[in-house]
Each structure stands twice: as structure tokens, then as C-alpha cells.
Amino acid sequence: MSFKKLVVASLNVARKRILMRVDFNVPLKDGIITNNHRIRASVDTIKYALDKDAKSVVLVAHMGRPGGQKNPQYTLKPVAAELQKLLGRDVTFLNDCVGPEVEQACADPKEGSVILLENLRFYVEEEGKGVDEKGNKVKASPEAVTKFRASLRKLGDYYVNDAFGTAHRPHSSMMGEGFSVRASGFLLKKELEYFAKALDNPDRPFLAILGGAKVADKIQLIENLLDKVNEMIIGGGMAYTFLKVLKGLKIGNSLYDEEGAKIVQKLIDKAKTNNVQIHLPVDFVTADKFAEDAAVGTSSLEGGIPDGWMGLDIGPKTRDLFREPVQRAKVIVWNGPMGVFEFANFANGTKSVMDNVVAATAKGSVTIIGGGDTATCCAKWGTEDKVSHVSTGGGASLELLEGKILPGVAALSDAK
């Protein structure tokens, strides 16, 4: 997949209506936005279009999983008020996202209008599937999808996509169907630039840090990265499956992935063939139950983890061991924590790796945090601006690292 896509900055947007797909899937509590990060992230692209005299910016987005049903719990109305504050100008909210009334409102709006439409996923035609009023699964007919996309097409002259978090979904609003000009916004551009630094032609040594629970969930990721990296750290829950298979480690009640275990040796053989150095934990912080208030113990590779105990973090020797490849690396991609960072007693391993990644960034390494739990750790420890890039899309970044094509990116016009 080419990372070189047309960018909004290359367009002459003056007097043009811009249909912009953004990621406004923000957390709400009692109708109040609890984290506006995704809304803030879209502001640069919106402001750019307005500063360059776009006639209108029509924003389309989704929230939650209403399954193709209109559900007031998932209205984007609170986002309009928040965006108005961030932009310092009026934002018009429309109670629908397609159809004659929306088309009329967007046909010839006041110069410099910002219009936010209602949740795209209130229509089954956005995702292509959903549920009916009784909760039965339904599929959208091809004719209905075509009609839905044709209505979206009428809302702008140019299409701009700035929703990296949904780029791995071939949803109607992500395709820009019918538009001759389909450009990326600045947020999507930044994501593609950083992943190109890792996946196209990385400086070396190139290190992948992988955590998370199940080997089976990460097989494609590990397989693809073994063709690209020089070194790989494997921590988190899946390390116990690797160590049980490779070293016969007694893992007590630790996570064990039976499906993933079948492929461990194959992955290690591929690493040897490709001359990739694999780093696995040598000691562990253990717990007598999966809880914040669990009793805390330590175990080594030699002694193993006793029955009734489970490994929930990497130990102090492993923290020292993992520091070295991080210090050596010129490019680092990190996907998945080293332990149960949500519990204070089992967060030190992930925090230690984070500190080392921050130090590597300060020395000039390119460091990319692949969304999801690892991005949550950056927010928790205030390191978002101390690494090179924190991805806004967990699923999208994972699929990129797995070597997959992202439909929402592939649909964009190529750079001239």
C-alpha cells in the first residue's frame, strides 16, 4: 500500500465545499465529553480549510455502535458544542447525515460555515450491517448503500479524510465514493508519515516491542514484523506462552494461549532465519489473584511460577535486560503493555520500558506508539509529547503493522 497520498494542503479549497470525515468517537458520561483529544486532533485540518477560504466544512463522523438504529445515547450533538469552543466560531448541528433536508442545508451554505452532521452509524448503510428494532442482524442492500453514498457525495465538492482510527474499515463514509478529489487531512498524513518511517525504509537497528495477552491475536503482527525488524521484545501475557513452549517454564496460573502455543516454534524459527534477536523476560512479578489488592511475589526463569500464582508483570532483571535493545534502536514500534499496568503493583515493567523509550526519543530515535493500551499508558504517565508519535488508531495501526492494506487510505487519491 502506498503511503504517498494527496494531502489537503495540495488543494485549492477556496470557495469549495469540503466534506470531511473525522474521528469524533469520544467517551461520554451523562452527555458530557470526558476526553476531547480526538476532537482537538481534527482542529488543524478544519482551521486550514477555513483559513484558505473554503465555502463550507461539512463534518461527518460516528460515535459508538448504535448498529444502524437512531439512538439518542450516541448523538454527536455534544461534540458540536465542544468543537465550537475549540474553533472559536459557530458550528451548525444537523439532526441527520443524509437525505433531502441535509442535502439542501449543505447545497449553498453561508461562506465559512462549519456544519456537523448526526452519527453516520444511525444508518445501517454506513457499516453495511447492523440490527433491527428487535435486535436481529440485518444487512444493507447494495441499492441502499449506493443511495446513501450518493447523498453523502452531494454534500461537498472535495472529500477529505482525517479519521485514521477508522481507516481499516471499508465503511461508506471512508470511501469518498463519487469524488474525483479525495485527500488526507493533516492527522491522517502524520499517521502515514510515521508508519512509513517504520515500514517503508527504517533506520537501523529497528526494534519492535510487543505485549498483550494472546499470541494467537498477534501472529500476523509478529510474522510481518519479523520480516522488517532487527530485534523484538516480547512481554505481556503472551510471554508466558512463549516461555512455557521454549524453556518449559512452570507458569502456575499465568495466561496460557493453547492455540498460540502451536505456532511459537515456527515464529522463533523465522526469527533465526531472518537473524532477528528475540528478547523474552527472565523474571516476573507475580500475584495470588487477578486483582489490585493481590499479594505480590517474584519468580525467576529457573524456579518458575508456583501453582496458585500468576505472572502479571516483568521483574527487575528483565527491566534491565530490555533497556539495552531500546538504547540501541534507531526506530522503535511499541504495541502492547508489559504487564497489568492498570494495577499499581504490576505497572513498573511497562513504566520502565516507557522511561527507556522516552530517553531513546530524546537521543534522536523515532518512537511510535501503536494506539490502544500503549497509548493509554502514554496518557497515564504524561509521555504523549515525549515520544515521536502516539497513534490515534489502535485497530488501524495494528492492521498496518500486520502488513494489511487500509481501505480508507487506499481510497484516497495518490499524491501528484
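Among the residues of region 360-416, the ones that are within 16 Å of Trp334 (Cβ to Cβ), assigned to a loop (DSSP other than H, G, I, E, B) and touching a Ser or Thr at 6+ places or on another chain (Cβ under 7 Å) come to 6 in all.
Residues in region 394-409 that are surrounded by 24 or more Cβ atoms within 10 Å (Cβ to Cβ) and within 15 Å of Ser184 (Cβ to Cβ): 4 in all.
Criterion applied to Lys250, Lys197 was being more than 23 Å from the chain's Cα centre (by Cα) and either surrounded by 18 or more Cβ atoms within 10 Å (Cβ to Cβ) or of a type in the set (D, E, K, R) (or both), and the one residue passing it is Lys250. Output the strands (runs of 3 or more DSSP E) that fall wholly within region 208-289 and possess 2 or more residues being at pLDDT 95 or above and not hydrophobic (A, V, I, L, M, F, W, C), or say none. In region 208-289, the matching strands (runs of 3 or more DSSP E) lie at 277-279, 283-287.
Can you confirm whether Pro325 is in a loop (DSSP other than H, G, I, E, B) and either assigned by the TED database to the domain that holds Ile234 or surrounded by fewer than 15 Cβ atoms within 10 Å (Cβ to Cβ) (or both)? Criteria not met by Pro325.
Take the residues of region 139-181 that are part of a loop (DSSP other than H, G, I, E, B) and of a type in the set (Lys, Arg): which is nearest to His37 (Cα to Cα)? Restricting to residues being part of a loop (DSSP other than H, G, I, E, B) and of a type in the set (Lys, Arg), the top hit is Arg169. Only residues that are part of a loop (DSSP other than H, G, I, E, B) and touching a residue at least 24 places away in the same chain (Cβ under 8 Å) were counted across region 188-207, and they come to 5. Answer with yes or no whether Tyr123 is touching a Lys or Arg at 6+ places or on another chain (Cβ under 7 Å), surrounded by 23 or more Cβ atoms within 10 Å (Cβ to Cβ) and at pLDDT 95 or above. In short, no.
Cβ separations smaller than 6 Å between residues 6+ apart or across chains give no pair from region 169-184 residues that are outside the structural domain of Leu152 (by the TED database) to residues that are of a type in the set (Val, Ile, Thr) and surrounded by 24 or more Cβ atoms within 10 Å (Cβ to Cβ). A single entry from Glu118, Glu133 fulfils the requirement of being in the same structural domain as Gly156 (by the TED database), at pLDDT 95 or above, of a type in the set (Asp, Glu) and in a loop (DSSP other than H, G, I, E, B): Glu118. Considering region 175-186, and only residues there that are under 19 Å from the mean Cα position of the chain (by Cα) and more than 14 Å from Leu406 (Cβ to Cβ), the residue that is surrounded by the most Cβ atoms within 10 Å (Cβ to Cβ) turns out to be Gly185.
The values are calculated or read from the model by the stated rules, or taken from the named source; none is laboratory data. These numbers were taken from a predicted model, which means no experiment stands behind them. Note: ideal-geometry Cβ built from the backbone for every residue, glycine included; neighbour counts use all protein chains shown.
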